[in-house]
1. List pairs: first residue in the range 1-17 and closer than 14 Å to Ile102 by Cβ, second residue outside any helix (DSSP H, G or I) and among the aliphatic types (A, V, I, L, M) anywhere in the structure, Cβ distance under 8 angstrom, at least six positions apart or on different chains.
2. In the list Arg101, Arg93, which residue meets the criterion of being assigned to a loop (DSSP other than H, G, I, E, B), more than 27 Å from Thr228 (Cα to Cα) and either at pLDDT below 95 or in contact with a strand residue (DSSP E or B) (Cβ under 8 Å, 6 or more places away or on another chain) (or both)?
3. So Ala127 fits all but one of (1) in contact with a Leu (Cβ under 9 Å, 6 or more places away or on another chain); (2) crowded, with 23+ Cβ neighbours inside 10 Å; (3) closer than 25 Å to Val38 by Cα; what number is the exception?
4. So which of Leu30, Leu36 is aliphatic (A, V, I, L, M) and touching a residue at least 40 places away in the same chain (Cβ under 8 Å)?
5. Could you list, in sequence order, all residues of the range 18-40 that are crowded, with 16+ Cβ neighbours inside 10 Å, closer than 30 Å to Arg101 by Cα and of a type outside the set (A, V, I, L, M, F, W, C)?
6. Being of a type outside the set (Gly, Ala, Ser), modelled with pLDDT under 95 and closer than 20 Å to Val145 by Cβ narrows it down to one residue among Leu179, Leu195; which is it?
7. Read through the list (1) in contact with a Leu (Cβ under 9 Å, 6 or more places away or on another chain); (2) farther than 20 Å from Met117 by Cα; (3) open to solvent by 40 Å² or more (accessible area, probe 1.4 Å), then give the number of the only condition that Gly161 fails.
8. Inspect all residues belonging to the range 154-172 and state whether any of them is of a type in the set (Phe, Trp, Tyr), assigned to a helix (DSSP H, G or I) and more than 17 Å from the chain's Cα centre (by Cα).
Amino acid sequence: MSATRDITIGLAERSVKLIPRMPSTFVPSLIMPIFLVVSFSGAFAGLTQLPGFPADKMIDWVFPMTTLQGCAFAGVTTAMAIARDLDNGFYDRLIGSPAPRISLMLGPLLASVIRGMIPLTILLIVAVIGGANFNGGFPGLGMLVICAMSISFIAGCWGLGLAFRAKTQQIAPLMQMGLFTVFFLSTAQMPIQLLTGWIHQVARFNPITNVLQMARQVSLPAGVTWATTWPGFVSLAGMAAVLGLFAYRGLLKIVD
């Protein structure tokens, strides 16, 4: 047990230390959500005048989404680093070592959560500077933090599952495309009651919709309620279980 813990922490530390050494693999996950929260808050400010729109300001609606998206991309950059290690042969040394196999997955996943703290902090600062409301108070902030850290973990599982199977850096675009797709086929821009057509049906069953609903309690006037919290917890747990198994089965393919 102690060996698993020590190696998990060691691999996580290695991944975090790679950020200043290879900033090009991490900085885009910071720049993109900042750009989105600034551009969407200005360009779509008029949407708050629509009947039934739940936010007083567009930034209140946008910044929780961009925060989660930034954390997701921060999480998946860990998997990109693992894909690089698999590509250049470094990961073969880890497989050949006596390290507990589960630590080879837990280390990068811990790093994904740690990396996710960076965009979470920066986007919160951007939201404060942009004049966002924090109607949910500290309970709402807690909901956002739980969602952000969970999404970092889940995105890490998604990326690792792909990396373990492909064993090449060329899988990175698919990691990113999967995240873009699942976010933008949810209530990323508009509340569910204002969506129409096929995208409304897709968003209804997209688990990210429930997670966004939970995270947005930090800023929306309704604040934190159980009715908007429990579906988010269920969705996070379901995605973590499914994608965690996806990553673990991918690990077994390269260590067996």
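1. Ala3/Ala99; Thr4/Ile102; Ile7/Ala99
2. Within the list Arg101, Arg93, the selection yields Arg101.
3. (1)
4. It is Leu30.
5. Within the range 18-40, Thr25, Ser29 meet the criteria.
6. After applying the criteria, what remains is Leu179.
7. (3)
8. Yes, because at least one residue in the range 154-172 is of a type in the set (Phe, Trp, Tyr), assigned to a helix (DSSP H, G or I) and more than 17 Å from the chain's Cα centre (by Cα).
The values are calculated or read from the model by the stated rules, or taken from the named source; none is laboratory data. All figures in this text were calculated on a predicted structure; none of them were measured in a lab. Glycine gets a Cβ as well: all are built from the backbone with ideal geometry, and neighbour counts include every protein chain shown. Ligands, DNA and RNA are excluded from the accessible area calculation, which covers all protein heavy atoms including side chains. Shrake-Rupley method; radii C 1.70, N 1.55, O 1.52, S 1.80 Å.
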